[in-house]
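Only one structure is covered here, and it is reproduced in the block below.
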Amino acid sequence: MRPSYASSPRILIIKPSSLGDIIHTLPLLRTLRNAFPSAYIAWVVDDAFREILAGESGLDEIISVRTKKWRREINLKTLAEIGRAIKGMRAGKFDIALDLQGLIKSGAIAWLSGAAARVGFHKSNMREPLCSLFINKTAEPARPGQHAIERGLALLKPLGVREFNCNYGLKAPVEHAEAAANFLEGKVSGKRLVAVNPGFGFQTKAWRLERYAALADMLIEKLDCAVLLTWGPREKEMVEKISGMMKGKPLIPPSTTINQSAGFFSHCDLFIGSDTGPMHLCSALGIRTLVLMGPTDPLRNGPFGEGHTVIQKDIPCRNCYKRKCPANLECMESIQVEDVFAAASKILAEIPSPPKKV
């Protein structure tokens, strides 16, 4: 079916954060560009995540905002900055605004953009239902367990779009892949390279550091792997503690940007960690992932596509989405090192030989 809107609409995507959420929105961008080849498409994104979109050929404009800073520092300077951002959006004369956040702030951005059609989630699926005050077209209610990518794509149905592209279309920038190769040269020697990422968005996603250390040692000793301990902002101390607990010697990359991290991940055979932005980045890059999940639903927030493995224990309180746990993190505590090692062994055995060479 042909989209019901004009062939060259001006479209604003509103998905400021976070890394995983932005990656989940890339298939929507691909679908929009296919459905409206002549459209002008802009994306409102938090300045911290701008670089992940910088190389996107399907985008005509990236509009950077600093919503976290604006909430943290309310003063005349901040208000002036907000005013300039609103003025800039309204100058875009957008026909359609797509709110993929479902928050009051994202709904307000859609309304302030001046777009006549403001499309958002069904009220029952909005994280903040008051967001509905700013939306005048909504998707159908999401199915139970519907993946975040599919929920986003459903926002295009009110625009008449019926053919969806579920591909991420993401690649590590060549220069960053080459820089990572230079760091890894001579340190991997043809072994399987496994990225182990202990980071977590909130405490209920955390797995004990000593378990990561024991797992990394088993990967080195029993499977002859090279282990890359990856880390993001405020996480270096974690990987240093893990390294200090280990018998073997892991590789620890230097501080990296998002695109530099993608360069390192592009050389890995497997990613192991919890439900985080780096996990979704690896999934988008086509790297196989082994994900430890407890408080979030694998069907909705797990890795998308084939070849990934999720470990989640069948306990009554799983998928609670709570950031604080009254049950002593039972969902993550119940995942044992042996569980993860067994799954990693199976995945690595399925990867065709020879392994990647760095």
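Values as computed for the structure displayed
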item	result
Single unsatisfied condition, ASN167 versus (1) out of contact with any Ser or Thr (no Cβ under 8 Å at 6 or more places or on another chain); (2) in a helix (DSSP H, G or I)	(2)
Residue within region 15-35 that is in contact with a Ser or Thr (Cβ under 8 Å, 6 or more places away or on another chain), in a strand (DSSP E or B) and under 23 Å from THR257 (Cα atoms) present	no
3 or more residues closer than 20 Å to LEU29 by Cα and touching a residue at least 12 places away in the same chain (Cβ under 8 Å): qualifying helices (runs of 4 or more DSSP H) within region 68-161	104-112, 148-153
Boolean, GLY20 is of a type in the set (Gly, Ala, Ser) and either in the same structural domain as GLN260 (by TED's automatic domain parsing) or surrounded by 16 or more Cβ atoms within 10 Å (Cβ to Cβ) (or both)	yes
Filter result (closer than 25 Å to PRO173 by Cβ and at pLDDT 95 or above) within region 291-312	VAL291, PRO303, PHE304, HIS308
Some residue of region 202-221 being in contact with a Leu (Cβ under 9 Å, 6 or more places away or on another chain), outside any loop (DSSP other than H, G, I, E, B), among the small types (Gly, Ala, Ser) and free of Cβ contacts under 8 Å to residues at least 60 places away in the same chain	yes
Criterion (of a type in the set (Lys, Arg), part of a helix (DSSP H, G or I) and within 25 Å of PHE49 (Cα to Cα)) met by exactly one of ARG300, ARG234	ARG300
Selection status of LEU281, surrounded by 19 or more Cβ atoms within 10 Å (Cβ to Cβ), in the same structural domain as LEU215 (by TED's automatic domain parsing) and either touching a residue at least 60 places away in the same chain (Cβ under 8 Å) or of a type in the set (Gly, Ala, Ser) (or both)	yes
Filter pass, LYS93 being under 20 Å from SER38 (Cα atoms) and among the basic types (Lys, Arg)	yes
Breaking point among (1) in contact with a helix residue (DSSP H, G or I) (Cβ under 7 Å, 6 or more places away or on another chain); (2) crowded, with 24+ Cβ neighbours inside 10 Å, for GLY102	(2)
Matching residues in region 171-194 - criterion: being over 25 Å from the mean Cα position of the chain (by Cα) and charged (D, E, K, R)	GLU185, LYS187, LYS191
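Here is a yes/no grid of residues against (1) closer than 24 Å to GLY307 by Cβ; (2) surrounded by fewer than 20 Cβ atoms within 10 Å (Cβ to Cβ):
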{"residue": "ILE220", "(1), (2)": "yes, yes"}
{"residue": "VAL239", "(1), (2)": "no, no"}
{"residue": "ILE242", "(1), (2)": "no, no"}
{"residue": "MET245", "(1), (2)": "no, yes"}
{"residue": "GLY263", "(1), (2)": "yes, no"}
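The values are calculated or read from the model by the stated rules, or taken from the named source; none is laboratory data. Note that the coordinates shown come from a computational prediction; the quantities given were computed from them, not determined experimentally. Note that each Cβ is placed from the backbone with ideal geometry, even for glycine, and that neighbours are counted across all protein chains shown.
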